[in-house]
Amino acid sequence: MGTRKTVTLHDLSAELGLSIQTISKALAGKPGMSEETRARIARTAYRRGYLTVAQARELASRGIAPYPTFQLRFALIQSRQSTNYNTLLAEGLRRRLELLDHRLECHTLDEDLSDSAFEEWLERISLPTADGLFIAPRLLSDTTERKLFGLSLPKVLINYPRPLSELDSVIWDVYEAVCMAVDRLVRLGHKRIMYVGDIGSQRGFARRWQAFQEMMGEHGLVCGLESQLTGDWDAEALQDKLNEVQPTAIIAGIDEDIERLFRHLDELGYRVPEGLSVIGLANGPVAAVPGLSRPELLIRETGYKAADKLLWRLANGSEPWEHIRIAGPFCEGETARRV
């Protein structure tokens, strides 16, 4: 690239209409502004060629060119089933890639295509010419996922990898989140804890159930399958299981079940948290349960890390595969209390 004109904080301030102090804080990673403002500042600084020494060194340490010479095109393959959290995921990916003037395309695949139809779909969206591929969780089938794994593109799986998967992966850590939920309830004095949710149709769901079993076992508590509410369930099944197990606390393992669970508990006359504590694995704040106690799932942040990982992989093609799990804090909320 040619010689870059020296850009100062004054130049950025004039262009963005923000104070020099705000711009300096954003580039130093300090709090005090929205993520939208921070991203706009960082993107403009990258475009104009302004980087602090620390920022340039941090990018270089990950094998990412601070000043890309041309725009790269990346694709995210997802399904409609996971739209609620893929919005956050795509936002994280796009924000990070746009800082370096790269482009993200989102494509939805909701059919289990034959080999020939799959090849036609690839050509239609020009996927073979993309510079990299992100594969979101909860695609239609394992067959579809394996076909994507076989593409000769640098790729990052945003899910727990299956055995022998030769690719990088980044995922928000629902395993750690369930362990955190169990531990929090035990510390509040609960011993009869019931798990509610699908435990097998997706790898992430199976991981949650494994985490529940392991953490209950760590505390010496009963966690047999017969004492949980798994698979398809309704208000009647919930009532029967509550009568049978008589739990003092519930962990709702699946985001889509949380609002329904609270509605049925209310219909059945259970008061939360006075009569029954509930912790839910929500993808984000739940409008119907604004005070939900929950481990925070860092979905947007996983998008940031996945983008960094794929850029790193482009620059370090021969390095070993890496699998990254992003764990968040616990949001205390108002739906879990001491026995």
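The values are calculated or read from the model by the stated rules, or taken from the named source; none is laboratory data. Just so we're clear, the structure is a prediction, and the values are computed from it rather than from any experiment. Cβ placement follows ideal geometry from the backbone for every residue including glycine, while neighbour counts extend to all protein chains displayed. Ligands, DNA and RNA are stripped out before the accessible areas are found, and what is left, the full protein with its side chains, is counted by its heavy atoms. Shrake-Rupley method; radii C 1.70, N 1.55, O 1.52, S 1.80 Å.
Model label sites at LYS191 and VAL7, defined 7 Å from Cα along the beta-carbon direction, differ in position by 6.3 nm.
Compared with the dominant Cα axis of the chain, that is its longest principal axis, helix 203-218 is turned about 60°.
Backbone phi angles across region 144-150, fed through the Karplus curve with coefficients 6.51, -1.76 and 1.60 (θ = phi - 60°), yield HN-Hα couplings of 4, 4, 4, 5, 5, 4, x Hz in residue order; Gly and Pro are listed as x.
Average accessible surface for the chain: 48 Å² per residue, computed with a 1.4 Å probe over protein heavy atoms with every protein chain in place. Only protein heavy atoms count here; on that basis, with a 1.4 Å probe, CYS331 has an accessible area of about 40 Å². The charge dipole of the chain, taken about its Cα centre with unit charges on the Cβ atoms of Lys, Arg (+1), Asp and Glu (-1) only, comes to about 1680 debye. Over the chain, Cα pairs under 8 Å with separation of 6+ residues give a relative contact order of 18 percent. Across region 113-123, computed HN-Hα scalar couplings (Karplus, 6.51 cos²θ - 1.76 cosθ + 1.60, θ = phi - 60°) run 7, 5, 4, 5, 5, 5, 4, 5, 5, 4, 5 Hz from first to last residue, x flagging Gly and Pro.
Across the accessible surface of region 73-137, with the other protein chains kept in place and a 1.4 Å probe, carbon and sulfur atoms take up 44 percent.
Rounded, prolate or oblate: which one fits region 80-169, using the alpha carbon gyration tensor with axes a ≥ b ≥ c (rounded when a/c is under 1.5, else prolate when a/b beats b/c, else oblate)? Here region 80-169 falls in the rounded category.
Ranked by solvent-accessible area (1.4 Å probe, protein heavy atoms only, all chains present), the residues PHE330, PHE70, PHE205 order from largest to smallest as PHE70, PHE330, PHE205.
A Förster radius of 56 Å combined with the Cβ-Cβ distance from SER114 to THR37 puts the calculated FRET efficiency at roughly 0.75.
In this structure, the amide hydrogen of CYS106, modeled 1.01 Å from its nitrogen in the peptide plane, lies closer than 5 angstrom to those of LEU76, counting only residues at least 5 positions away or on a different chain.
Over all other residues within a Cβ to Cβ distance under 11 Å of ILE199, the charged ones net out to +1, with Lys and Arg as +1 and Asp and Glu as -1. Pairs exceeding 30 Å between alpha-carbon atoms, taken from LYS25/LYS309; LYS30/LYS191; LYS30/LYS309; LYS25/LYS155; LYS191/LYS305: LYS30/LYS191; LYS25/LYS155; LYS191/LYS305.
Computed 3J(HN,Hα) for region 39-48, one whole-Hz value per residue from the Karplus formula 6.51 cos²θ - 1.76 cosθ + 1.60 where θ = phi - 60°, is 5, 5, 5, 5, 5, 5, 5, 5, 4, 7, glycine and proline marked x.
Against the criterion of solvent-accessible heavy-atom surface with a 1.4 angstrom probe, SER169, SER141, SER19 sort, most first, into SER19, SER141, SER169. Carbon-plus-sulfur fraction of the accessible area of region 210-339, 1.4 Å probe, in percent? For region 210-339, the apolar C and S fraction of the accessible surface comes to 45 percent. The simple spin-label model puts a point 7 Å past each Cα toward its Cβ; for GLU256 and SER165 those points are separated by 2.0 nm.
A simple spin-label model places pseudo-atoms 7 Å from Cα toward Cβ; at CYS331 and SER24 they are separated by 3.4 nm.
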